[in-house]
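Remarks on the structure that follows.
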């Protein structure tokens with residue numbers, strides 16, 4: 001059986017199908033929040049405390065040197081070509097999740113959970129491109145200092161990136177890619193380049 005077609009009878013690519021399912025779950029949760037504003041609980045793995053009771057600003061999470069190096073290499077490899085605000089927003093989101101109950105308390109653990117959600121799919125940047133690595137380290141440092149372009153988001157998604165080679169002489173493909181990105185990120189509260197936060 002073709003793995004990409006499991007649970008997906010139309011043959012649509014799995015990533016697009018998963019993004020549609022995530023969007024449907026978010027709409028469903030928003031509807032529940034509107035109907036039951038007091039009783040809705042945060043969708044954390046533990047699902048224990050209401051969002052209002054979570055201490056999202058309680059202390060800065062501590063990154064070990066190893067966590068910091070791994071985090072910077074993953075950020076550079078996966079989002080190094082995105083706007084700086086997107087990198088800072090992703091770093092802030094990871095740090096926020098480290099502070100919250102029900103999420104891992106290390107950057108490596110949070111990144112592993114995000115990989116399970118379909119993000120951070122590329123392996124760490126082994127080439128260590130100095131420009132991208134410096135930018136990723138600066139983004140992490142700015143997020144630790146309190147900068148947060150994501151607006152306090154706990155979730156994000158990124159639209160697939162097309163390389164410059166794919167778009168070099170094809171305006172129609174570039175327009176189609178731009179429309180697809182806008183469609184995938186339409187329900188996100190904050191959009192930075194091809195990364196949407198909610």
All but one of (1) modelled with pLDDT under 90; (2) in contact with a strand residue (DSSP E or B) (Cβ under 7 Å, 6 or more places away or on another chain) hold for residue 85; which doesn't?
-> (1)
Mind checking which strands (runs of 3 or more DSSP E) fall wholly inside segment 107-198 and carry at least 2 residues that are surrounded by fewer than 19 Cβ atoms within 10 Å (Cβ to Cβ) and at pLDDT 90 or above?
-> none
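The values are calculated or read from the model by the stated rules, or taken from the named source; none is laboratory data. Fair warning: this is a prediction, and the values are worked out from it, not measured in the lab. Every residue, glycine among them, receives a Cβ derived from its backbone with ideal geometry; neighbour counts consider all protein chains shown.
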